[in-house]
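Trainee: Can you keep this structure in mind? I'll have questions shortly.
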Amino acid sequence: MSDAAIPKPTSGTQTFAGKTGGRIGRRFRELSEAGELGLIAYITAGDPSLDATGKIVLAAAEAGADVIELGVPFSDPVADGPTIQRASERAVRGGTTLAGVIELVRSLRMHTQVPLVLFSYFNPILQMGIEKFAETASAAGADGVLATDLTPEEADEYRTALHARDLDTIFLVAPTSTDTRLALIAECSTGFLYLISRTGVTGERASLPEDLPALARRVRRFTKLPLAVGFGISSPEHVSVLGGIADAAVVGSALVAEIEKAATVNAAAGAVADRIRALKRAAREGISKRSA
Amino acid sequence: MSYTANVVRERGRYGPYGGRYVPETLMAPLEELERVYAEARADRGFQAELDSLLHNFAGRPTPLQFASRLTEHLGGARIYLKREDLLHTGAHKINNCLGQGLLAVRMGKKRVIAETGAGQHGVATATVAARLGLTCTVYMGTEDMERQRLNVNRMRLLGAEVIGVDAGSKTLKDAINEAMRDWVTNVRTSHYLLGSVLGAHPYPMIVRDFQKIIGEEAREQIQRAEKRLPDHLFACVGGGSNAIGLFHAFLGDSSVKMVGVEAGGRGKSLGEHAARLAAAEGFVGARPGVLQGTYTFVLQSANGQIATTHSVSAGLDYAAVGPEHAWLAEQGRAEYTAVMDDEAIAAAKMLARTEGIIPALESAHAVAELARRAPKMKKDEIVILNVSGRGDKDMETLSRYV
């Protein structure tokens with residue numbers, strides 16, 4: 001861990017890191033103008049193979065996903081529930097590496113301009129080297145990075161390196177985050193803020209937590225960045241009410257479960273696309289940001 | 001708004017190692033734990049209650065026994081054994097569990113969660129939970145449940161819920177993952193009673209502070225017995241809590257050499273051992289990295305996937321090592337070495353027959369390294385070895401070799 005010079009924190013009101021405006025910031029501006037809730041799709045890369053993930057991502061983008069998070073599989077995913085744990089295990093067993101996922105980004109960029117976020121635990125990034133990671137991920141066409149087990153306190157070098165390559169640094173905020181922490185996280189984030197809807201691991205749940213609207217309002221006091229809500233969001237019913245609360249919904253385990261169930265890659269891509277269309281319809285027809 | 005990251009970074013670091021790498025949900029609870037611990041430390045009432053439990057419930061102080069027959073058998077240095085195996089529940093783990101149990105009560109948490117490898121930390125946690133009236137859930141790899149069945153039954157008898165973890169190598173690392181998932185879910189009502197000098201800050205500091213009584217006692221006891229400090233300390237290192245517990249009181253005494261003994265398992269290639277700091281002996285695969293909240297030496301692939309490990313001893317069978325040990329190793333203040341499964345078994349047998357003590361297989365690793373070195377030491381050199389636990393729990397494994 002180097003003691004690199006501490007950068008001056010970027011302003012919390014900045015919505016994109018890039019000089020000309022990143023894909024993430026642009027997409028959120030379009031959504032905002034349309035008064036529409038965004039849909040962020042999480043997919044574990046390499047489950048069942050990187051080729052398959054490529055096809056599934058293109059299908060998801062085609063079906064209307066506004067941002068796609070590519071999960072970098074890790075041997076010890078402490079923040080994930082059983083569905084993503086199993087996907088991660090399959091992908092690691094299949095030999096998926098962070099370098100391989102970045103290669104996938106490069107090949108996806110020949111076909112789609114959908115914003116792509118790398119969603120990883122910190123150790124694979126650290127082993128590649130933070131500088132090299134920032135350089136290759138940016139060159140491949142990634143737009144942002146979220147490291148699940150990295151908070152701003154430990155992220156000086158990471159933020160410097162990523163911002164220098166115009167990559168957004170997306171951090172998590174949680175129901176347990178104190179106001180002091182919300183202020184720090186907002187200050188260190190670009191692109192959007194990812195709000196964990198409840199204490200717990202990833203995975204589908206029957207209903208949204210009752211205190212979610214109050215939590216989202218509390219977070220908004222500290223940032224003008226778009227707010228994406230994840231953990232336990234799976235159904236059109238969930239999404240249809242989120243428009244009044246957030247700027248985007250993150251759906252992960254429900255999609256990963258479709259991939260797990262599907263017999264073929266085409267079936268997986270089809271099932272994910274169907275899910276996303278249904279969710280996107282709910283996002284458009286539910287409580288919109290404008291009416292909220 | 002002021003930027004505080006640099007200030008925060010100062011804390012919880014041992015040189016470059018340590019820190020706090022957890023999902024955001026756990027950050028505020030870790031800050032709370034740090035604050036409550038600082039208050040407790042300054043509170044004489046807290047210390048008095050802990051001292052009373054350590055004395056009347058756990059059985060402190062433990063003896064520092066001169067091992068006359070082992071000394072004669074090895075034919076070198078004078079060997080003293082710090083008898084943590086005589087503590088209630090059979091290992092040093094109870095020292096930390098009592099301390100953290102009182103912290104849980106102080107925080108108003110009614111439930112404790114623990115991981116366990118050999119089962120000693122699980123048993124100690126279940127025991128303290130019963131004593132303090134807390135509910136207790138223990139996560140344990142299914143392979144460890146098989147090889148430490150006696151401890152599973154003890155925990156259940158004490159009223160704890162034991163949940164088998166069937167992921168990864170089905171050992172300690174996987175149990176910690178599952179305990180962290182439980183904690184992140186039930187963080188408002190539960191305290192994670194982590195059992196070693198691992199995990200995110202402040203755990204390595206808190207666990208060390210509750211274990212350093214081992215060395216503080218031993219330092220006084222050896223000065224009474226020999227009128228001087230020891231020349232060598234030996235302890236096994238899984239996460240490293242019994243070793244740091246013995247070493248800490250002697251860190252300022254430059255004449256005292258320290259040896260931490262890791263599990264060499266059955267071979268030097270990745271996956272065959274749990275030697276994180278003994279790379280000089282040819283054990284492959286350890287590099288600095290982040291696992292389960294801390295930056296330290298971790299057995300892993302080039303791509304940063306955590307490796308599986310092997311040891312005959314469940315308590316040493318873990319891919320990372322406490323960050324303070326990584327720093328002691330880097331400074332050369334302590335030396336780290338590894339012994340193989342069969343050497344540890346032989347050492348357990350030797351200690352049983354020379355001193356009438358059946359050590360835990362974990363502690364037997366330290367005995368094995370001592371057996372290599374003691375014969376080459378001068379007769380007036382003094383060694384203290386920490387017998388961190390007793391071997392009753394290992395009888396199924398040991399009986400295969402009798």
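The values are calculated or read from the model by the stated rules, or taken from the named source; none is laboratory data. Since the model is a prediction, treat every value here as computed from it, not as a measurement. For neighbour counting, all protein chains shown are included, and Cβ atoms are generated from backbone atoms with ideal geometry for every residue, glycine included. For accessibility, only protein heavy atoms count, side chains too; no ligands or nucleic acids. Shrake-Rupley method; radii C 1.70, N 1.55, O 1.52, S 1.80 Å.
Trainee: Can you bin every Cα-Cα distance in segment B:1-137 into 10 Å intervals starting at zero and give me the percent of pairs per bin, rounded to whole numbers?
Mentor: Calculated P(r), rounded to whole percents: 10, 28, 31, 20, 9, 2, 0.
Trainee: With all protein chains present, how much of the accessible area of segment A:13-285 (probe radius 1.4 Å) comes from carbon and sulfur, to the nearest whole percent?
Mentor: Carbon and sulfur: 50 percent of the exposed surface of segment A:13-285.
Trainee: Same structure, new question: Straight-line reach from residue B:393: which aspartates and glutamates have Cα under 12 Å away, leaving out those fewer than 8 places along the same chain?
Mentor: B:85, B:144, B:146, B:362
Trainee: Next up: If you project the alpha carbons of segment B:271-362 onto the principal axes, what extent comes out on each, in Å, largest first?
Mentor: Result for segment B:271-362: principal-axis Cα extents of 45, 28, 25 Å.
Trainee: Between helix B:172-185 and chain B, what is the angle of the helix's C-alpha long axis to the longest principal axis, kept within 0 to 90° and rounded to the nearest 10?
Mentor: The two axes meet at around 20 degrees.
Trainee: Right, something else. Could you check how many percent of all C-alpha pairs in segment B:39-117 are farther apart than 22 Å?
Mentor: 43
Trainee: Pop out the Kirkwood hydrodynamic radius of segment A:60-116 from its pairwise C-alpha distances, inverse of mean 1/r, in Å to one decimal. Could the numbers behind the result be given before it?
Mentor: On the way: mean 1/r = 0.0796 Å⁻¹.
By the Kirkwood definition, the hydrodynamic radius is 12.6 Å.
Trainee: I would also like to ask the following. At 1.306 mPa s and 10 °C, plugging the Kirkwood radius over alpha-carbon pairs of chain B into Stokes-Einstein gives what diffusion coefficient in µm²/s? Write down the numbers at each step before the final one.
Mentor: Working: Rh = 20.8 Å.
Reported coefficient: 76 µm²/s.
Trainee: Here is a follow-up. List the pair-distance distribution P(r) of segment A:169-262, using every Cα-Cα distance, as the percent of pairs falling in each 5 Å bin from 0 up to the bin containing the longest distance, rounded to whole percents.
Mentor: 3, 14, 26, 24, 17, 10, 4, 2, 0
Trainee: Counting helices only, and only those DSSP H runs with n ≥ 4, report the 222 nm mean residue ellipticity of chain B as the sum of -39,500 (n - 2.57) divided by its residues, in deg cm²/dmol to the nearest 500.
Mentor: Rounded to the nearest 500, the figure is -12000 deg cm²/dmol.
Trainee: Provide, as a two-decimal number, the C-alpha radius of gyration of segment A:23-145 over 2.2 N^0.38 Å, N being how many residues it has.
Mentor: That works out to 1.04 for segment A:23-145.
Trainee: Further question: Rg/Rh for segment A:13-285 to two decimals, with Rh computed the Kirkwood way over all alpha-carbon pairs. Intermediate results must be reported in sequence, preceding the final value.
Mentor: Numbers: Rg = 16.8 Å, Rh = 18.2 Å.
A ratio of 0.92.
Trainee: Considering every Cα-Cα pair within the protein assembly as shown, what fraction, in whole percent, is farther apart than 37 Å? Could you put the intermediate results ahead of the total?
Mentor: Values: 92754 of 240471 pairs.
Percentage above 37 Å: 39.
Trainee: Against the longest principal axis of chain B, how steep is helix B:361-373, in degrees 0 to 90 to the nearest 10, with axes from Cα atoms?
Mentor: It is inclined by approximately 40 degrees.
Trainee: Would you please report the Å³ per residue occupied by the convex hull of the alpha carbon atoms in segment B:67-214? Working shown, then result.
Mentor: Values: hull volume 19.5 nm³, N = 148.
That works out to 132 Å³ per residue.
Trainee: So, one more: Can you list the residues of segment B:160-189 whose accessible area drops by at least 30 Å² going from the chain on its own to the full set of protein chains, with a 1.4 Å probe?
Mentor: B:177, B:181, B:184, B:185, B:188
Trainee: Divide, for segment B:360-402, the radius of gyration over alpha carbons by 2.2 N^0.38 Å, where N is the residue count. Show your work: numbers first, answer last.
Mentor: On the way: Rg = 12.9 Å, N = 43, 2.2 N^0.38 = 9.2 Å.
Rg over 2.2 N^0.38 Å, computed on Cα atoms: 1.40.
Trainee: Something else about it: For segment B:171-279, which trypsin sites (Lys or Arg not before Pro) are both in a DSSP coil and crowded by at most 12 other Cβ atoms within 10 Å?
Mentor: Here the trypsin sites (Lys or Arg not before Pro) that fit, given the DSSP loop and packing criteria, are B:188, B:227, B:228.
Trainee: Using only Cα positions of segment B:148-225, each an equal point scatterer, no hydration layer, compute I(q)/I(0) via Debye at q = 0.23, 0.24 Å⁻¹ and quote the log10 values to two decimals.
Mentor: The computed values of log10 I(q)/I(0) come out as -1.18, -1.21.
Trainee: Next question, about the same structure. What do you get for trypsin sites (Lys or Arg not before Pro) in segment A:85-191 restricted to DSSP loop and a cutoff of at most 15 other Cβ within 10 Å of the site's Cβ? List each step's numbers first, then the result.
Mentor: Values: sites: A:86, A:90, A:93, A:106, A:109, A:132, A:159, A:165, A:181; in loops: A:109, A:165.
The qualifying sites are A:109.
Trainee: For residue A:280, go through the lysines and keep the ones whose alpha-carbon is under 17 Å away, minus same-chain ones fewer than eight residues off.
Mentor: In chain and number order, the partners are A:289.
Trainee: How much FRET efficiency would the formula 1/(1 + (r/R0)^6) give for residue B:223 and residue B:131, where r is the Cβ-Cβ distance and R0 is 35 Å, rounded to 0.05?
Mentor: Working from the Cβ atoms, E equals 0.60.
Trainee: Could you work out [θ]222 nm for chain A from helices alone, using -39500 (n - 2.57) per DSSP H run of at least four and dividing by all its residues? Round to the nearest 500 deg cm²/dmol. Before the final figure, lay out the partial values.
Mentor: Values: 12 runs with 132 residues, N = 292.
The helix contribution divided over chain A gives -13500 deg cm²/dmol.
Trainee: Can you give me the angle between helix B:27-41 and the longest principal axis of chain B, using Cα atoms only, in degrees from 0 to 90, rounded to the nearest 10?
Mentor: Roughly 60 degrees, rounded to the nearest 10.
Trainee: Follow-up. Can you tell me what the convex hull of the Cα atoms of segment B:157-275 projects to on average, as an area in nm²?
Mentor: Details: hull surface 43.1 nm².
For segment B:157-275, the mean projected area of the Cα convex hull comes to 10.8 nm².
Trainee: Compute the accessible area of each residue in segment B:263-308 twice, once for its chain alone and once with every protein chain present, using a 1.4 Å probe on heavy atoms, and list those whose area falls by at least 50 Å².
Mentor: B:290, B:303, B:305
Trainee: Count neighbours as other Cβ atoms within 10 Å of each site's Cβ, and list the trypsin sites (Lys or Arg not before Pro) in segment B:285-387 that are DSSP loop with at most 10 such neighbours.
Mentor: Here the trypsin sites (Lys or Arg not before Pro) that fit, given the DSSP loop and packing criteria, are B:378, B:379.
Trainee: Same structure, new question: Could you compute how much accessible area chains A and B hide from each other, both sides summed, with a 1.4 Å probe? Nearest 100 Å² is fine.
Mentor: Roughly 3800 Å² of accessible surface disappears when A and B pair.
Trainee: Considering the alpha-carbon set of segment B:246-402 alone, what are its Rg and its Dmax in angstrom?
Mentor: Radius of gyration, then largest Cα-Cα span, for segment B:246-402: 15.8, 49 Å.
Trainee: Please report Rg over Rh for segment A:250-289, where both radii come from the alpha carbon positions and Rh follows the Kirkwood definition.
Mentor: With Rg and the Kirkwood Rh in hand, the quotient comes to 1.08.
Trainee: Which entries in the list B:257/B:349; B:170/B:376; B:93/B:227; B:227/B:376; B:212/B:376 go over 31 Å, if you measure between the two C-alpha atoms of each?
Mentor: Flagged as over cut-off: B:170/B:376.
Trainee: How big is D for segment A:126-178, in µm² s⁻¹ as a whole number, if Stokes-Einstein is applied with the Kirkwood radius of its Cα pairs at 25 °C and 0.890 mPa s?
Mentor: My calculation gives 212 µm²/s for D.
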